[in-house]
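Since the structure comes first, as structure tokens, the remarks are kept for the end.
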Amino acid sequence: MVKEIQNLWPKILEELKVKVTPQQFQTWFAHIKPITLEGDNGIELRVPNEYHREWLSRSYKDIIEDAFSSVSGDVGDIRFTVEDGAQGVPSVESYSYLNKVYLFDNFIVGPSNRLAHAAAVAVSESPGGTYNPLFLQGGVGLGKTHLLHAICLSLLAKNPSLRILYLPCESFVNHFIATIKSERWEGFRNTYRDLDMLVIDDIHFISRSQRSREEFFHTFNALYNLQKQIVLSSDCSPEDIPSLEERLISRFKWGLLARIDPPSFETRIAIIEKKAALLNLYVPPSAARIIAEGVTDNVRELEGAIIRFSRYASVSPATPVEETARQVTKELVKQNVPNVSIEEILRAVSTSFGIPLSQLQSRDRSRSVALARQTAMYFARKFTRLSLQEIGGYIGGRDHSTVIHAEEKVKETKSRDKGFLQLMDEIEKNLQQGCTQPVDK
Ligand code: ADP
Ligand code: MG
């Protein structure tokens, strides 16, 4: 039966090729290994890692089933399994650690990551050259791991026999601690020193173990002296890694230290488009803009937002896409935000604008009250889980379109009126610190 799948698979791939873009094909299908075909009981498709498994089974299972049925006339139960070997003590075959989607081609370059990207490309072109070590510093979810994998994948694509070891720092520390027990020092040292390139992700993790730092110091020197490339990433600068010795701090800065900052609005839009294409999802431009405005400092969350958006949009196709995008953004952003009640918001706005609560909640249409009321609506959207209707109901008995309009109006005013922006920042800070004062009605 194994023979049967081996014969069928190339034809199935041909079918798939017609149905997806070349890039999607390369990303998702080219690395699948078909393993068994047990009549109509089941088909096992082995994929490089968990990420692939999740995405193939979520987004592409139908397409694959269709391809099977048109080639063999029969579809069994398709199961995706992850290749073995990604766990445990690392060997030089670090290929299994690498996410094949994290290519340079799939990385969007903008002002916030231009230097890091250029340096990563340079390292992939001439490892052991000027940028040694390359140290990438940036907050969570900003693309450090992506660039590290891209360097490895690009080098391995050109020369599969290169001895490249990529691993999370945690694995290095665990391996070191295991070696203290096993005393297999020779094997340990060969693993890390007999290499063309060593890539350690999240090196700040090394602060946990003084003896690992000592060992890493020697590993670093051995590789560096042989002009072998070292690439490191960290969520903070070398100086800020707790208890890191001066001699390591200075070595980390011998080559190039490149920072990655949160992406700009334009970059976020481009990332949404790229991710949507890779995941085979459709995100209309108006929805992309709303998501990019709301999810600002973590690309991983941006990705989560797209996925959630498409799920919600398919469940309730009648809801306007803008509303769905707002909902998704709110949910994601709110996970990091303190819980603020509508009463607190009304109190804070009332105090800051000097307008009595009763007037804020009335139907009074005078202009001075309008902006305060819109401000309250804006914060209610930002900080509460209330629906548009509920917010409208609380604040002057308005309908949901008034609330949407209010949000847009406030954003627009914020962007052109510095005084207003300052006032908004103050209110927001007070709300987050929970220090709004009750006022007389
Ligand atoms: P970090 O290691 O800095 O925490 P990751 O490299 O894991 O972040 O990135 C988180 C997610 O965001 C990944 O899916 C990655 O592909 C994506 N990502 C980050 N920056 C970019 C970018 N500039 N272009 C495309 N995708 C990006
Ligand atoms: Mg990472």
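We did not get these values from a lab; they are worked out from the coordinates using the rules stated. Keep in mind the model is a prediction, meaning the values are calculated, not measured. Cβ atoms come from the backbone with ideal geometry, glycine included; neighbour counts cover every protein chain shown.
Our summary gives the chain a relative contact order of 12 percent, counting only alpha carbon pairs under 8 angstrom and 6 or more residues apart. Shown in residue order for segment 64-74 are the 3J(HN,Hα) couplings computed by the Karplus curve 6.51 cos²θ - 1.76 cosθ + 1.60 at θ = phi - 60°: 5, 4, 4, 4, 4, 5, 6, 8, 10, x, 8 Hz (x for Gly and Pro).
Entry note, the chain: the mean residue ellipticity at 222 nm calculated from DSSP H runs of n ≥ 4, each adding -39500 (n - 2.57), is -17000 deg cm²/dmol after division by the residues and rounding to the nearest 500.
Here's how it looks for GLN229: its modeled amide H is under 5 Å from those of GLY128, LEU198, which are all 5 or more places away or on a different chain.
Dividing the radius of gyration of the alpha carbons in segment 5-82 by their Kirkwood radius gives 0.92 for Rg/Rh. Assuming R0 = 41 Å, can you tell me the calculated FRET efficiency for the pair GLU239 and GLU273, based on Cβ-Cβ distance, to the nearest 0.05? About 0.65, to the nearest 0.05. By the count of other C-beta atoms within 10 Å, a proxy for reagent exposure, TYR166, TYR97 are ordered fewest to most as TYR97, TYR166. Residue by residue, segment 115-123 carries 3J(HN,Hα) couplings of 5, 4, 5, 4, 5, 5, 4, 4, 5 Hz when phi is fed to the Karplus relation 6.51 cos²θ - 1.76 cosθ + 1.60 (θ = phi - 60°); x denotes Gly or Pro. The trypsin sites (Lys or Arg not before Pro) found in segment 272-364 that occupy coil by DSSP, while having at most 10 further C-beta atoms within 10 Å, are ARG363. The orientation-averaged projection of the convex hull spanning the C-alpha atoms of segment 342-433 amounts to 5.2 square nanometres.
Comparing the chain with the 2.2 N^0.38 Å rule of thumb, its C-alpha radius of gyration ratio is 1.20 (two decimals).
Rounded to the nearest whole Hz, the Karplus-based 3J(HN,Hα) values (6.51 cos²θ - 1.76 cosθ + 1.60, θ = phi - 60°) of segment 298-313 follow the sequence 7, 5, 4, 5, 4, 5, x, 5, 5, 5, 4, 4, 5, 5, 4, 5, with x at glycine and proline. From the Kirkwood radius over Cα pairs of segment 265-332, Stokes-Einstein at 20 °C and 1.002 mPa s returns a whole-number translational diffusion coefficient of 188 µm²/s. Annotation: lysines with alpha-carbon distance below 29 angstrom to LYS274 (same-chain offsets under eight excluded): LYS11, LYS17, LYS19, LYS33, LYS61, LYS100, LYS144, LYS158, LYS330, LYS334, LYS382, LYS411.
Applying both filters, DSSP loop and at most 10 other Cβ atoms within 10 Å, to the GluC sites (Glu not before Pro) of segment 304-366 eliminates every site.
Considering only the Cα atoms of segment 93-232, their convex hull presents on average a projected area of 8.3 nm².
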